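Have a look at the structure below before the remarks.
The values are calculated or read from the model by the stated rules, or taken from the named source; none is laboratory data. Because the structure is predicted, anything quoted here is derived from the model rather than measured. FYI the Cβ positions are ideal-geometry reconstructions off the backbone, even for glycines, and counts take in every protein chain you see.
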Amino acid sequence: MTSPALAQTVLAQLSLAHRLWPATGAQAALRAVVLCLFGSLLLALSAKVQVPFWPVPMTMQTFVVLVLGAAYGWRLGLATVLLYLAEGAAGLPVFAGSPERGIGLAYMVGPTGGYLLGFALSALATGWMVERGWGKGLLGLTLAMLIGHALILAPGVAWLAMAIGWSKAVAVGLTPFWAATALKTALAVAAILGLDRLSAR
């Protein structure tokens with residue numbers, strides 16, 4: 001028989017999605033499909049909504065990427081972002097500024113292509129860290145979210161730099177987003193801690 005302590009340890013290692021929606025077998029497969037579709041829809045919606053902010057307006061996409069990675073775990077989080085990218089590659093107007101600034105693969109190799117790659121890296125890394133216990137305390141979760149944000153910004157700036165040089169890429173692709181990054185990191189931490197408390201009830 002499984003001891004209560006062991007059961008609690010195993011439960012704590014499951015992703016928030018698994019704890020909030022327990023399922024096995026065919027139901028687990030259905031859960032994965034539903035959560036992937038829901039997550040890709042959230043990413044598309046967050047790309048279209050601009051929030052007035054200083055010094056530049058912000059979208060909530062990076063917030064959604066971080067929360068999906070942390071709540072879904074690295075496998076389902078990565079699968080969700082890859083589904084979103086596949087939808088965009090197929091020509092659906094799911095990216096920020098599409099279809100006005102282009103659609104499909106032409107958009108994905110444009111100026112924001114590095115950030116799109118960063119979405120996948122961030123979901124994978126954030127989910128991996130949280131699954132290994134980084135999400136159980138404020139400090140660890142905050143660090144995981146900051147690393148997740150860095151994995152979005154770094155390839156985004158590097159991709160831009162190939163076209164316009166490092167100094168300009170940092171000036172337009174990194175510096176204006178410090179304040180928004182701090183805010184969205186704090187919001188993502190609060191969201192995951194809140195969901196964690198909900199799952200414990």
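Summary table
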{"read-out": "All positions within the stretch 56-82 that are over 20 Å from Trp159 (Cβ atoms) and surrounded by fewer than 16 Cβ atoms within 10 Å (Cβ to Cβ)", "value": "Pro57, Arg75"}
{"read-out": "Options Gly102, Gly165, Gly110, Gly148: the member that is surrounded by fewer than 23 Cβ atoms within 10 Å (Cβ to Cβ) and on the phi < 0 side of the Ramachandran plot", "value": "Gly110"}
{"read-out": "Subset of the stretch 99-116 (residues that are over 11 Å from the mean Cα position of the chain (by Cα) and either among the acidic types (Asp, Glu) or part of a helix (DSSP H, G or I) (or both))", "value": "Glu100, Gly104, Leu105, Ala106, Tyr107, Met108, Gly113, Gly114, Tyr115"}
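The rows are residues; the columns are (1) closer than 20 Å to Thr185 by Cβ; (2) modelled with pLDDT of 95 or more; (3) of a type in the set (Ser, Thr, Tyr).
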site	(1), (2), (3)
Met60	yes, no, no
Leu66	yes, yes, no
Gly73	yes, no, no
Leu82	no, yes, no
Gly104	no, no, no
Pro155	yes, yes, no
